[in-house]
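Report on one structure; see the data block that follows.
The values are calculated or read from the model by the stated rules, or taken from the named source; none is laboratory data. This is a predicted model, so every value here is computed, not measured. Glycine gets a Cβ as well: all are built from the backbone with ideal geometry, and neighbour counts include every protein chain shown.
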Amino acid sequence: MNDLAREILTAVLVLAAAVMCFAAGVGVIRFPDVLSRLHAATKPQILGLIAVTVDIAVNDFSLGTVTLVAAIVAFQVLTAPMAAHLVARAAYAQGHPRPDLLFVDELAPADRNPPRGDW
Amino acid sequence: MSTPRERLAGAVNQSPLFLGLVALWMLLWGRFGWLELLTGALLAGLVSVIFYLPAVQLSGRLNPWHSARFFLRLLADIVRASVQVAALALSPRYRPGNAILAVGLNTRNDLILTWTAVATSIVPGSIVVDVDRVGSTLYLHVLNVHTAGQADRFRASVLETERRIVLAFGSREDVERIRSGPAGADAAPDNNGGAG
């Protein structure tokens, strides 16, 4: 019973992770501009990674594994937004490639009137 | 020059970060013995001296109940929003429509601002494009926004995240501001402090 439950949990977690990574790949192709693609490229795979690492922890339940999994997830969660932010900022600074996709751009007025260096 | 008393207070204020580095070192080794503790403390000291950074203003306050609520809610948000973004990517009727929204936060604390920015951008569907530190304003690129109502709902959810973070480990002034502030008033009113 315990083994069966673990098998089912493993199957569910690995499948969920695979679906997330697949959706991320599809999103990178289908979304039209850099910023939307960033969403697909950086976010759903975090849940995928969490699912896979939790699955590893479930199958090898020891202190060393669990702590390493916690460290991996914590670092991924902390660094992925930074990477996304840097790319997004660089992309925006180059000029947003598709203003027609934006419902509203509240950064534009702030960008045009920077608080300092106004000469 | 700082007096020894001030230096001691500074060391106490920074001790959670030091302990965090030691804990991280032990996590990476996966062992929790005296050897790891000793080498971790040595390394943490070395790192804080070599890679010196200006001291972070910690609030010195931590509410375990609200912290647990914040992290559980964050996990739930990640799961829910990951599924939403994945569904959007796979949906045959996907219609592009995004927004860059400015969200003015209530806090004036750098740490809370950073936490809110990271917590918001770890949840799929929003990326921090820029941060105005002086005005405590986050500029977020939000996926799949077509109406003003959706934009307002997203703004409210960011302020709600900030509120949870402040309740979990913000300073007392921030908690007061959240409790009395305009954003705290219209976002999820709870009746804990009510007259009855």
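Quick notes on this one:
- Every residue from segment B:42-62 that is surrounded by 15 or more Cβ atoms within 10 Å (Cβ to Cβ) and touching a residue at least 60 places away in the same chain (Cβ under 8 Å): B:SER59
- Pairs meeting the criteria (first residue in segment B:75-92 and within 17 Å of B:PHE154 (Cα to Cα), second residue among the aromatic types (Phe, Trp, Tyr) and surrounded by 18 or more Cβ atoms within 10 Å (Cβ to Cβ), beta carbons under 8 Å, at least 6 apart or on different chains) are lacking.
- Positions within segment A:20-35 being within 7 Å of another protein chain (Cβ to nearest Cβ), touching a residue at least 24 places away in the same chain (Cβ under 8 Å) and part of a helix (DSSP H, G or I), in sequence order: A:MET20, A:LEU35
- Residue match in segment A:42-49 (condition: assigned to a helix (DSSP H, G or I), at pLDDT 85 or above and more than 10 Å from every other protein chain (Cβ to nearest Cβ)): yes
- Hits in segment B:18-36 - residues which are within 14 Å of chain A (Cβ to nearest Cβ) and part of a helix (DSSP H, G or I): B:GLY20, B:LEU21, B:VAL22, B:ALA23, B:LEU24, B:TRP25, B:MET26, B:LEU27, B:LEU28, B:TRP29, B:GLU36
- Just one of the listed residues (B:LEU46, B:LEU74, B:LEU90, B:LEU35) is among the aliphatic types (A, V, I, L, M) and under 15 Å from B:ALA119 (Cβ atoms), and it is B:LEU74.
- Of A:THR79, A:THR10, A:THR65, A:THR53, all but one fail to be free of Cβ contacts under 8 Å to residues at least 60 places away in the same chain, polar (S, T, N, Q), within 9 Å of another protein chain (Cβ to nearest Cβ) and assigned to a helix (DSSP H, G or I); the exception is A:THR65.
Listed here are the residues, each with its yes/no results for (1) closer than 18 Å to B:ARG80 by Cα; (2) among the polar types (S, T, N, Q); (3) at pLDDT 90 or above.
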{"site": "A:ASP3", "(1), (2), (3)": "no, no, no"}
{"site": "A:ALA40", "(1), (2), (3)": "yes, no, no"}
{"site": "A:THR65", "(1), (2), (3)": "no, yes, no"}
{"site": "A:ALA70", "(1), (2), (3)": "no, no, no"}
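- Among residues of segment A:76-107 being surrounded by 15 or more Cβ atoms within 10 Å (Cβ to Cβ) and out of contact with any helix residue (DSSP H, G or I) (no Cβ under 8 Å at 6 or more places or on another chain), the one that is modelled with the highest pLDDT is A:ARG89.
- Test: B:VAL56 is modelled with pLDDT under 90, in a loop (DSSP other than H, G, I, E, B) and either more than 13 Å from the chain's Cα centre (by Cα) or not assigned by TED's automatic domain parsing to the domain that holds B:ARG163 (or both): yes
- Residue within segment B:94-106 that is in a loop (DSSP other than H, G, I, E, B), surrounded by 14 or more Cβ atoms within 10 Å (Cβ to Cβ), within 14 Å of another protein chain (Cβ to nearest Cβ) and of a type outside the set (Gly, Ala, Ser) present: yes
- Residue tally, condition among the aliphatic types (A, V, I, L, M), assigned to a helix (DSSP H, G or I) and at the interface with chain A (Cβ under 8 Å from one of its Cβ atoms), over segment B:108-146: 3
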